[in-house]
Amino acid sequence: MPLVTLRQALDEARRGGYALGAFNVSDVLQAEAVLDAAAETSSPVILASLAGVTAHGGDERFWSALHHLIDGYPQLPVVLHLDHGPDPATCRRAMDNGFTSVMIDGSLRVGGTPSSFAENLAVTTEVVAEAHRHGVSVEGELGTIGGSKTDGSRAPIVLADPDQAREFVTATGVDALAVAIGTSHGAYKFDAPPDGSVLQMTLIEKISSLVPQTHLVMHGSSSLPAQLREQNNRYGAGLPESWGVPDAEKVRSVTMGVRKINQGMDSHLAFTGAARQALGTDRLNVDPAYYLRPGREAMQRMVAERMRLFGQAGHADDYQPVPLAEMACRYTLETS
Ligand code: 13P
């Protein structure tokens, strides 16, 4: 099956009443884990890559290897998605490399400070115009998702404003909208199990009712399972105790209108925990296959479990892929 767009995948998800996980991958082994999980569960799948974050010798090499890998899964609808594109040039680079979906994160200026609403609107509109000319989908972001850094500090969270959401979607024409509801990226999220004062789930409901045609996205959705943190720490890591988004809240978000659930850290924890365990158990074996294989397999188990949780399992056969040229025509008709 040729690659599908995010728009088509999330339209299907709305019809089927489920969400798709967007799983971050930074090398082909992780991508293989996600695709094998999708094949195992018969799921449509979103592979998410961050520009500049790869174990390979550059984005272009990694992305080209990804296309080759995806060709081996002709039965699956696969969205190739750029996560958090920082500027139009990076989004263009992803499109030139065959991505069917790009996120333009106009919520932050280059350097990391929150941008103004007008700045976000302008840069997102620019990317949408170019992407839609090619049939490629666009995700924008409203408010800022928090983020933990390796020094333990945290980037601030600015909650999405429902009134701005309507204006943003109408003005930009984005296909999907990441809404900041209190989640945060990374391995250090909350100091206690998050309650209603941390995760503003009702914001999702409110925004969804104002922009019913736009697919909502929840970032920073890793759960940070304690047993994976403990496994990593037992074999040399030093991860502090932290709580992520409970599975039940993710499932609830789907009933409120979320169609794309971003998670990367849980699979990193699963992959690295299994690899650390293999390295710590056999101190004589230095062939990387010895520790990378259990890492890949642990990540596949984690991703398959989430695919079942989000409801995307069993939906791979629902698709008639729409070519990019046809998507481009539809966008032209929508705006004319
Ligand atoms: P986590 O850091 O919770 O895995 O979220 C990833 C994410 O939102 C990528 O955009």
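The values are calculated or read from the model by the stated rules, or taken from the named source; none is laboratory data. Fair warning: this is a prediction, and the values are worked out from it, not measured in the lab. Quick reminder, even Gly has a Cβ in these numbers, built from the backbone with ideal geometry, and neighbours come from all protein chains shown. To get the accessible areas, we keep the full protein, side chains included, count just its heavy atoms, and leave off ligands, DNA and RNA. Shrake-Rupley method; radii C 1.70, N 1.55, O 1.52, S 1.80 Å.
Put a plus charge on the Cβ of each Lys and Arg, a minus charge on the Cβ of each Asp and Glu, and nothing anywhere else: the dipole of the range 232-300 about its Cα centre is then about 180 debye. Only lysine pairs 8 or more places apart, or on different chains, with alpha-carbon atoms under 21 angstrom apart are counted in the chain, and they number 6. Please report the spacing between the Cα centers of the range 117-140 and the range 262-289 in Å, no decimals. A separation of 38 Å, based on Cα centres.
One Cα centroid belongs to the range 173-187, the other to the range 303-336; the line between them spans 19 Å. Between ARG166 and LEU292, the FRET efficiency from the beta-carbon distance, with R0 = 56 Å, is close to 0.75. Helix 117-133 and the longest principal axis of the C-alpha atoms of the chain enclose an angle of approximately 90°. Each stretch of four or more DSSP H residues adds -39500 (n - 2.57); spread over every residue of the chain, this sum gives -14500 deg cm²/dmol at 222 nm. A dipole drawn for the chain from +1 and -1 charges on Cβ atoms has a positive end, and of ASN120, VAL254, LEU3 the residue lying farthest that way is VAL254.
Using the 1.4 Å probe convention, the accessible area of the range 212-336 works out to 48 Å² per residue with neighbouring protein chains retained. Most fluctuating residue of GLN320, GLN231, GLN312 in a GNM of the chain with Cα springs under 10 Å: which is it? Taking springs between Cα atoms under 10 Å, the residue moving most is GLN320. Summing charges over all other residues whose Cβ lies under 14 Å from the Cβ of ASP247, with Lys and Arg as +1 and Asp and Glu as -1, gives +1. Working from label points 7 Å from Cα in the Cα-to-Cβ sense, the GLU119 to GLN213 distance is 3.0 nm.
Here the accessible area of the range 191-336 is 53 percent carbon and sulfur, with a 1.4 angstrom probe and all protein chains present. To test your reading of the geometry: what angle, between 0 and 90 degrees and rounded to tens, separates the Cα axis of helix 201-210 from the longest principal axis of the chain? Around 30 degrees separate the two axes. For the chain, relative contact order (Cα pairs under 8 Å, six or more residues apart, normalised by length) works out to 23 percent.
Summing Cβ point charges (Lys, Arg +1; Asp, Glu -1) relative to the Cα centre of the range 30-95 gives a dipole of roughly 200 debye. Result for the chain in a Gaussian network model with C-alpha springs under 10 Å: among GLY17, GLY238, GLY295, the largest mean-square fluctuation is at GLY238. Seen against the Cα atoms of the chain and their longest principal axis, helix 162-172 is set at about 70 degrees.
For the range 25-109, the solvent-accessible area works out to 33 Å² per residue, with a probe of 1.4 Å and every protein chain left in place.
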